[in-house]
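For reference, the structure is listed below as C-alpha cells.
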Amino acid sequence: MTQLPDLEQLLADPVVAALSRSEETAWFRDRPTPTIDGIKASGIDPAITEDARARFRRFAPWFAERFPDTRHTHGILESPLVGVPDLQTELGNRYGKALPGKLWIKRDDLLPVSGSIKARGGIHEVLQVAERIALEAGLMEPTDDARVLMTPEVQELLSAHGIAVGSTGNLGLSIGIVASELGFNTTVHMSMDARAWKKELLRSRGVTVVEHAGNFSDAVAAGRRTAQEDPSVWFVDDESSLSLFAGYSVAGERLAGQLASLEVTVDAQHPLFVYLPCGVGGGPGGVAFGLKQTFGDAVHCIFVEPVSSPCMSLGVRTSLHDAISVADIGLDGLTAADGLAVGRPSRLVGEHLQQLIDGYVTITDERMKACVGLLHTLEGIDVEPSAAAGVPGPWQVLANKTYLSTFGFDDAALASATHIIWSTGGSMVPAEEMAGYVAEGQRLAGEVIWG
Ligand SMILES: *Cc1c(COP(=O)(O)O)cnc(C)c1O
C-alpha cells in the first residue's frame, strides 16, 4: 500500500483545499513544455496513432455495411465541427467579458454507432482484438479489408472468444454494440446506478449485462476478475489501456482536416484551445496526445471535471496520481455527469501525459446542466450534461492573467484564437430523458451565477 501524505499537508495547497470543498477551480501550467519533450516524457510511441488510423480505415467497409449511420461517411466514424456564435455572445454577456476569437463545438455526441467519444477509443480496442485473433489463426492478412471477419470460419472463431468491460455506461455501450456485432461473446459489468436504457439497449443486442451492487470501481474489478479466470476473455481496462488511448488520438489529424476546410489557421499567432471533459482520463488524454502530434505547441489542452470527482486535477496537483482518490479528500464522487464520476485517474494519462496538459478546471453539476439548457436554447444542440462541461472553459482561460502572460497570449493572439468545446455524448439518450435535461438546464441557466 502506498502511504498517503498527511491530509493536512495536502490541504495546505489552496487548490487541493478548494477541491476538497467542492468549489469550482481552475489552474494552469507554470511554464510551457515544448511538445517534442512532452511526447518524449510520456514514453508513449506516437506511431500508435497512425496504426489506429490505418485500422479504422481497414474497418471502414465493415462499418458501412453493418451500421447504417456510417454509410454517409463510407464507414469512417467522425463528428462535425460547428461554430456556436450565439452561445459565444450570450456567455460573453453573462460573464461580462466578450470572448475574443471564435468559439466552436466538436460534436462527438453525434459520433455514429454509439453517440459518444467512446466510439473512438472503445471501438478501436475491440477492432484490434478481433484482428489479432484472426491474424493469429492465419485467417486474415495484416492489410486485409476487415469484412473478411464476417466469413463463417472467422465468425466461428470469434464466437469462441469473449470481450468484457466494466462501465457506468458509454464505454459499455460502445464496446457492447461493436463486439456483439463482430460475433464476440460480450459481457458488460455495470454498477446499479447505470442508466436503465443503456442496459436495455445492450441486452437487446445480445450482450450479457451483469449488474453489481457496488459502485463503478467494484463493477470494473468484478469484470477484471472474471476475465482473469478465463483466458478466452479479453478485458478492456479503462484505467490503463493503450489501445483505447490510441483510438482517441486519431481525432487530432481529423480535426486538423476539418479546421483547414473551414479556413481556420492554427499556429503560434493563432492558438487553439481545446476543452475536454475528463473521467478516468483516457479519452481526453488520447485526444490531447493526437492534437499535440498534429498542432505541436500551438494547441492548448484543458481538462474539465465535476467538482465532486476531480480525480485528474487532484492526482496531478498532488503528484500522487492513482495513489489518491477523491474520497481521500472527503468527496462523494456523485455527479449527474455520466462517464465523469471517477474517483481515481488513469496513471497512463496523469503521470505520463501531464506535460502535455495545460490546465485543469472543475465545474458544478448545476452549471453543467445550465450549459445543456443554453446549448439547446441558443444553438439547437442537445447533449448530455457531461458533454457540456467544457462550455465555461474559455472564460476560465481569459480570467487567468498569469497563464496568459507566461504563455505569451497577447491581445492579438487571443483575437485570432480558436476555442473548441469537446462535446462528448448525447445522441443515444432517449428523447424523454433528454427533454428532462433540457428543461432542468433551462431553469438552472437563469439561476446559476456567471462570472
Ligand atoms: C467517458 C466519457 C468522458 C471522459 O472520458 P474518460 O476516458 O473517462 O476520461 C467524457 N464524456 C463522456 C460523455 C464520456 O462518456
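The values are calculated or read from the model by the stated rules, or taken from the named source; none is laboratory data. Keep in mind that this is a model prediction, so the values were computed, not measured. Cβ: placed from backbone, ideal geometry, glycine included. Neighbour counts: every protein chain shown. Please note that ligands, DNA and RNA were not included when accessible areas were found on the heavy atoms of the full protein model with its side chains. Shrake-Rupley method; radii C 1.70, N 1.55, O 1.52, S 1.80 Å.
Residues that are at positive phi and either part of a helix (DSSP H, G or I) or open to solvent by less than 10 Å² (accessible area, probe 1.4 Å) (or both): does region 319-342 have at least one? Yes - at least one qualifying residue is present in region 319-342.
A Cβ distance below 6 Å, combined with a sequence gap of six or more or placement on separate chains, defines the contacts here; from region 417-434, residues that are within 21 Å of Gly283 (Cβ to Cβ) and of a type outside the set (Asp, Glu) reach residues that are open to solvent by less than 10 Å² (accessible area, probe 1.4 Å) and away from the ligand (no atom under 15 Å from the Cβ) in the pairs Thr418/Leu272; His419/Leu103; His419/Phe273; His419/Pro394. Considering only residues in region 169-193 that are assigned to a loop (DSSP other than H, G, I, E, B) and surrounded by 24 or more Cβ atoms within 10 Å (Cβ to Cβ), the one that is farthest from the chain's Cα centre (by Cα) turns out to be Phe184. Does region 219-229 contain at least one residue that is in contact with a helix residue (DSSP H, G or I) (Cβ under 9 Å, 6 or more places away or on another chain) and open to solvent by 20 Å² or more (accessible area, probe 1.4 Å)? Taking every residue of region 219-229 in turn, none turns out to be in contact with a helix residue (DSSP H, G or I) (Cβ under 9 Å, 6 or more places away or on another chain) and open to solvent by 20 Å² or more (accessible area, probe 1.4 Å). Out of Gly75, Gly101, report the one residue that is surrounded by 15 or more Cβ atoms within 10 Å (Cβ to Cβ), at positive phi and touching a strand residue (DSSP E or B) at 6+ places or on another chain (Cβ under 9 Å). That would be Gly101, the only listed residue that is surrounded by 15 or more Cβ atoms within 10 Å (Cβ to Cβ), at positive phi and touching a strand residue (DSSP E or B) at 6+ places or on another chain (Cβ under 9 Å). The set of residues from region 434-445 being open to solvent by 60 Å² or more (accessible area, probe 1.4 Å) and either β-branched (Val, Ile, Thr) or over 13 Å from Gly373 (Cα atoms) (or both) is empty. Of the residues making up region 259-285, those that are more than 6 Å from the ligand (Cβ to nearest atom) and part of a helix (DSSP H, G or I) are Leu259, Ala260, Ser261, Gly285.
Determine whether Ala288 is touching a Ser or Thr at 6+ places or on another chain (Cβ under 9 Å), open to solvent by less than 10 Å² (accessible area, probe 1.4 Å) and within 11 Å of the ligand (Cβ to nearest atom). Yes. When residues in region 1-40 are screened for being part of a helix (DSSP H, G or I), more than 22 Å from the chain's Cα centre (by Cα) and closer than 26 Å to Gly286 by Cβ, 4 of them pass. Selection of region 159-168 for residues being closer than 19 Å to Arg55 by Cβ and crowded, with 23+ Cβ neighbours inside 10 Å yields Ile163, Val165. The condition of being at pLDDT 95 or above, within 21 Å of Leu272 (Cα to Cα) and within 16 Å of the ligand (Cβ to nearest atom) holds for Leu356.
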